[in-house]
Ligand SMILES: [Zn+2]
Ligand SMILES: [Zn+2]
């Protein structure tokens, strides 16, 4: 299974695109502005989109992508999987024939371009041979993360926290999985810890508390995502300090790196 990082920033600027990951060639996790890096042909190959939540930085390019692929997708809808809250928000506030056409009824109600599929935290879906599990998240609105693994027997899991703050339930589940790599958000630096707490995001200080939940003996690379462009350098230096502080003679610090748009991972 391949993961291509289309966008992993908490906001936009040149070279910074918001959250979207392409899984192999036919599945997306979130549809932030990173989707704009796909060619039309690549967009046409996507059958399933799993959304973490309804915030704009995670859905911004879904409506525009639909417009790009509309003419060639009649009879082959894009399946959107998300919490009921997320799907309701999309329908009510975006695909409402005001902000954008209601593609769940277009071009005809019988052959829509978009179909909605509810999932709940803990649900497991099969998607073209892959297994997708909705992980718990603690955010300002209902949200999930995802763990995905390929069809090969014994394939390891790629895990993505989505937007979240302190999340003990996530670690209980992650500690049960054979994790290849983990993408975890750290949206704010420590100087903005109050804002991070209010908006239910992580800062490096709280990230340190979270990483302490990783079960002894478990080691896998951890990639930091969702940093604000204005804060990325500060967050990076605070993460470097965090890693040094977590180093123990009997327990090496976790491997922490910043995620970049364009990164590609082979999860095998
Ligand atoms: Zn959010
Ligand atoms: Zn976000």
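Give me 16, 8 sorted ascending by neighbouring Cβ count inside 10 Å, so fewest comes first.
Ranked by crowding around the Cβ, least crowded first: 16, 8.
Among DSSP beta bridges whose residues both lie in the chain, state the antiparallel percentage, nearest 5.
The antiparallel proportion sits near 55 percent.
Calculate the FRET efficiency for residue 197 and residue 141 from the Cβ-Cβ distance with a Förster distance of 22 Å, rounded to the nearest 0.05. Working shown, then result.
Working: r = 16 Å, r/R0 = 0.71.
Working from the Cβ atoms, E equals 0.90.
Please state the shape class of segment 57-175: rounded when a/c is under 1.5, otherwise prolate if a/b exceeds b/c and oblate if not, all from the C-alpha gyration tensor.
oblate
Out of every Cα-Cα pair in segment 97-248, what percent are more than 18 Å apart?
Looking at segment 97-248, the distances longer than 18 Å represent 64 percent of pairs.
Roughly speaking, what is the stretch gain from residue 169 to residue 124, that is 0.36 nm per residue apart minus the C-alpha to C-alpha distance, in nm to one decimal?
14.6 nm
Can you give the relative contact order of the chain as a percent, counting alpha carbon pairs under 8 Å and 6+ residues apart?
Computed over the chain, the figure is 18 percent.
Can you give me the C-alpha center-to-center distance between segment 37-55 and segment 184-204, rounded to a whole angstrom?
Rounded to whole Å, the Cα centres lie 27 Å apart.
Taking only DSSP H segments of four or more residues, each worth -39500 (n - 2.57), what value at 222 nm results for the chain once the sum is divided by all its residues, to the nearest 500 deg cm²/dmol?
Mean residue ellipticity, 222 nm, calculated: -6500 deg cm²/dmol.
Each value in this text was obtained by applying a stated rule to the coordinates, not by laboratory testing. Here the structure is a predicted model, which means the values were calculated and not measured. Cβ sites come from the backbone with ideal geometry, for glycine too, and all protein chains shown count toward neighbours.
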